[in-house]
Amino acid sequence: FFFKQKTAYEVAQRLVGSEMCIRDRCSSIGINPATDVEALVLLYLFKSRSYGEVTRTDFVDGLMKLGVHDEITLKQSISRIKAIGSGENSVEFMSFHGFLFQYHLLKPGQKTLKRDEAATLLRIELRNAPFLCEKFIKFLEEEKVETISHDQWDNIPDVFSIIEKKQTYDLSGAWPVLFDRFYLWLQKLQKSVCCLFIVTLLFINPVSYTHLTLPTSDLVQISVVAVSLKK
C-alpha cells in the first residue's frame, strides 16, 4: 500500500520503494520529502541502507515498530515520527542523527560529509534551532571548513544544547577542536555586535551611562560599566 510504483521493482525485486516512490507516498500523508525532517525519520525507521531505497524486510519491520498496517494508521503515527525528528525523545533522536551521517556517505570509503551536504541536512534536522544552525554554517564557510567528520557530526546536538541553555562550554573538555573554534568565533561575533550597538546608541542619544546592560541574543550578556560620551 505504501510504495506502489513499478519503479521500485525496476531497481531491484528486493526493494519496496525507490526515491520517486518514497517522495510520492510521503506527499500523500502530508510530508514534504524535500523540506520535512519526518521524511528522513521514515527512512531511519525503515533502516534504509542505500540512498532513496528501502528493502522489503526493513520496510515491514519499520511498519511493525510504528504499529502501522495501512495508510490510515500511518497517518495516525505521524505524532511519533514528529517526536523523533523534533528531539522530544533524546535517545532516539541521537540514533537518528547518527543515521543521517551514515546514510549520506554515498561513495565507497567515504568517511566525511562535505560542508554543503552537512549544511543541507542540518537545516532540515535542526529547524528548531535556526539561529545556531545558521551561525554554525556561516562559521564553517568563513573558516573554510570543507568537511565534517563522524565525531564532529555526533557532537553537534550536544554542543548546540549547551550553548542554547547558556551552560558553560568547557574549552578544556573533550570536544572536537572544531567546536572550540566555533565557540570562540561566536564570542568574537557577539562582542562585535555589542560594540556596534553601543556606538550607535550613544551616537543617537549622547548621554552618560554609569551602568548599561545589553542583551545580546540568548548567547551572551555583556555589562558595560562607566561608558560616557560627551557632545
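The values are calculated or read from the model by the stated rules, or taken from the named source; none is laboratory data. Predicted, not measured: the structure shown is a model, and the values here were computed from it. Note that each Cβ is placed from the backbone with ideal geometry, even for glycine, and that neighbours are counted across all protein chains shown. Please note that ligands, DNA and RNA were not included when accessible areas were found on the heavy atoms of the full protein model with its side chains. Shrake-Rupley method; radii C 1.70, N 1.55, O 1.52, S 1.80 Å.
So here's what we get for this one:
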item: Hits in the stretch 43-63 (condition: in a strand (DSSP E or B) and open to solvent by less than 10 Å² (accessible area, probe 1.4 Å)); result: Val54
item: Single condition Leu184 does not satisfy, out of (1) touching a Leu at 6+ places or on another chain (Cβ under 9 Å); (2) farther than 18 Å from Phe101 by Cβ; (3) outside any helix (DSSP H, G or I); result: (3)
item: Pairs with Cβ under 9 Å, 6+ apart, first in the stretch 69-95 and within 17 Å of Leu122 (Cα to Cα), second open to solvent by 80 Å² or more (accessible area, probe 1.4 Å) and part of a loop (DSSP other than H, G, I, E, B); result: Lys82/Glu88; Gly85/Arg127; Ser86/Arg127; Ser86/Asn128; Gly87/Asn128
item: Tabulated pairs, the stretch 157-186, first under 22 Å from Ser95 (Cβ atoms) and at pLDDT 90 or above, second open to solvent by 70 Å² or more (accessible area, probe 1.4 Å) and of a type in the set (Asp, Glu), C-beta under 6 angstrom, 6+ apart or interchain; result: Pro176/Asp151
item: Check on Leu40, over 22 Å from Ile124 (Cβ atoms) and either in a helix (DSSP H, G or I) or at pLDDT 85 or above (or both); result: no
item: The stretch 155-181: number of residues that are among the β-branched types (Val, Ile, Thr), closer than 18 Å to Gly87 by Cβ and not in a helix (DSSP H, G or I); result: 0
item: Identity of the residue in the stretch 94-125, open to solvent by 20 Å² or more (accessible area, probe 1.4 Å) and hydrophobic (A, V, I, L, M, F, W, C), that ends up farthest from Asp154 (Cα to Cα); result: Leu106
